[in-house]
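Below is one structure, written out as structure tokens, with a few remarks after it.
The values are calculated or read from the model by the stated rules, or taken from the named source; none is laboratory data. Everything numeric here is computed off the predicted structure, so don't read it as measured data. Every residue, glycine as well, gets a Cβ built from its backbone with ideal geometry; the counts of neighbours run over all protein chains shown.
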Amino acid sequence: MSFDGHPGLRIGNFEPGIPIIQGGMGVGISLSGLASAIANQGGIGVIATAGIGYLEPDFVTDLEAANRRGLKKEIMKARSMTDGILGVNIMLALSDHLSLIKTAMDTGIDIIFLSAGLPFRLPSELKIEYIRDSGTRLVPVLSSARASRLILEKWKKIDYPPDAIVLEGPLAGGHLGFSRNQLEDKEITLENIFRETKQFANHFEQRHGIKVPLIVAGGIFSGGDICRFLDMGADGVQMATRFVATYECDADEEFKRQYLDCRVEDLKIIDSPVGLPGRAIDNQFLQQVRAGEKKPYECPWKCLKTCDVANAPYCIGKALREAKDGNFDDGFAFAGSNAYRVNSITHVRELVESLESEYNLALESSRQAVLLK
């Protein structure tokens, strides 16, 4: 693959052949199948860890052990299918996030993307020497320039600056790091968040001699989008929605069909039981919830620290598992703002080739525009 004109993405000692990271999608949407396919094309494939042990027999009785086992199985399965770069996405809102971090490191994962939380401090159980010796790189996923600045400063004080930062804007799918008011603020865009963060990151590099790669996410759909952000100075992009409609995606075919059939007006901001807004494809399940219908469930293990179990109208973990398996009577699909633009299912290789072609066309157009000035 060839994305000409970009300086190359480097996260620690890992250098993907293309500047594309596949975003982690739980529950069970991006597992070893999708992650290995992306890695085989030169990108960074990412396994989502939320609910990863739900097929284990003791998932209800011992969620932590089931998730550890499920994660190890998926990493090893992906390793058997690729020699490329693999990552995992671990939500800090998960009750067992520390257990998952240790399992991923001990199983030899290349990169951990820390999302759904602000890791101002690394857990005391994670000694810096342990992190360095593991060979695993740590990359926080953040939604503001302010959070990026604080984490750069705080991690520098513990002598472990982030190996990269993913900046996720308001057009992403799934749980969002923004309030509803912020989502309606036209000044809060990925472009603006990136520009402000880039300015500080440049100062950080000048002061300390440490370059922290910046990766943009949320609404990246085409090769033209990739070209535009790399031209702005981003080191890479993270894409999730675009990779759902691939044969290699680990979700049921009906899940992928939701993306093919959705319209722009079907993409709604919902109030998740975990206390965050999220972007999803509207359906009867969500309409019933909005109408005040409570979906009965039992919570043997509070898997998300921020979940209001007593008042939650439904179990989001169960709803997402049902959707992953194609049952939309009892679940729904998260999706990014561009999901309505997905119109066919393709192989990951063909999609990456298409993105490369779009990127190179946009790059050539940009060069021509400069020459004509």
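Tabulated data
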read-out: Count - residues of the range 123-160 that are over 20 Å from ALA217 (Cα atoms) and among the basic types (Lys, Arg); value: 5
read-out: Qualifying residues in the range 316-369 (those that are in a helix (DSSP H, G or I) and acidic (Asp, Glu)) - the one nearest to TYR259 (Cα to Cα); value: GLU322
read-out: So GLN284, is it at pLDDT 90 or above, within 23 Å of LEU260 (Cβ to Cβ), more than 25 Å from the chain's Cα centre (by Cα) and among the polar types (S, T, N, Q); value: yes
read-out: Residue in the range 213-226 that is out of contact with any Leu (no Cβ under 8 Å at 6 or more places or on another chain), part of a helix (DSSP H, G or I) and surrounded by 24 or more Cβ atoms within 10 Å (Cβ to Cβ) present; value: no
read-out: Residue within the range 202-211 that is farther than 26 Å from ARG137 by Cβ and either at pLDDT 95 or above or in contact with a Phe, Trp or Tyr (Cβ under 7 Å, 6 or more places away or on another chain) (or both) present; value: no
read-out: Some residue of the range 134-149 being modelled with pLDDT of 95 or more, in contact with a Gly (Cβ under 8 Å, 6 or more places away or on another chain), part of a loop (DSSP other than H, G, I, E, B) and among the charged types (D, E, K, R); value: no
read-out: Residue in the range 38-47 that is surrounded by the fewest Cβ atoms within 10 Å (Cβ to Cβ), counting only those that are of a type outside the set (Gly, Ala, Ser) and farther than 20 Å from ARG69 by Cα; value: ASN40
read-out: Count - residues of the range 40-60 that are at pLDDT below 95 and in contact with a Pro (Cβ under 7 Å, 6 or more places away or on another chain); value: 1
read-out: Failed item, numbered, when LEU152 is tested on (1) of a type outside the set (S, T, N, Q); (2) free of Cβ contacts under 8 Å to residues at least 60 places away in the same chain; (3) under 17 Å from ARG207 (Cβ atoms); value: (2)
read-out: Members of the range 183-210 that are outside any helix (DSSP H, G or I) and surrounded by 15 or more Cβ atoms within 10 Å (Cβ to Cβ); value: ILE188, THR189
read-out: Subset tally (residues that are in a loop (DSSP other than H, G, I, E, B) and charged (D, E, K, R)) for the range 110-133; value: 4
read-out: Residues of the range 240-298 classified as in a loop (DSSP other than H, G, I, E, B) and among the β-branched types (Val, Ile, Thr), total; value: 1
read-out: Single residue of the range 48-61 satisfying the filter (free of Cβ contacts under 8 Å to residues at least 60 places away in the same chain and out of contact with any Gly (no Cβ under 6 Å at 6 or more places or on another chain)) that is surrounded by the fewest Cβ atoms within 10 Å (Cβ to Cβ); value: PRO57
read-out: Subset tally (residues that are assigned to a loop (DSSP other than H, G, I, E, B) and buried (at least 24 other Cβ atoms within 10 Å of the Cβ)) for the range 82-109; value: 1
read-out: Criterion violated by ASP329 - all others in (1) of a type outside the set (Ser, Thr, Tyr); (2) touching a Lys or Arg at 6+ places or on another chain (Cβ under 7 Å); (3) surrounded by fewer than 16 Cβ atoms within 10 Å (Cβ to Cβ) satisfied; value: (2)
read-out: Yes/no for ARG68 being in a helix (DSSP H, G or I), surrounded by fewer than 24 Cβ atoms within 10 Å (Cβ to Cβ), in contact with a helix residue (DSSP H, G or I) (Cβ under 6 Å, 6 or more places away or on another chain) and without any contact (Cβ under 8 Å) to a residue 40 or more places away in the chain; value: yes
read-out: Identity of the residue in the range 110-131, surrounded by fewer than 21 Cβ atoms within 10 Å (Cβ to Cβ) and hydrophobic (A, V, I, L, M, F, W, C), that ends up nearest to ALA39 (Cα to Cα); value: ILE131
read-out: Answer residue from the range 21-56, given it is assigned to a loop (DSSP other than H, G, I, E, B) and among the β-branched types (Val, Ile, Thr) and is farthest from GLU253 (Cα to Cα) among those; value: THR49
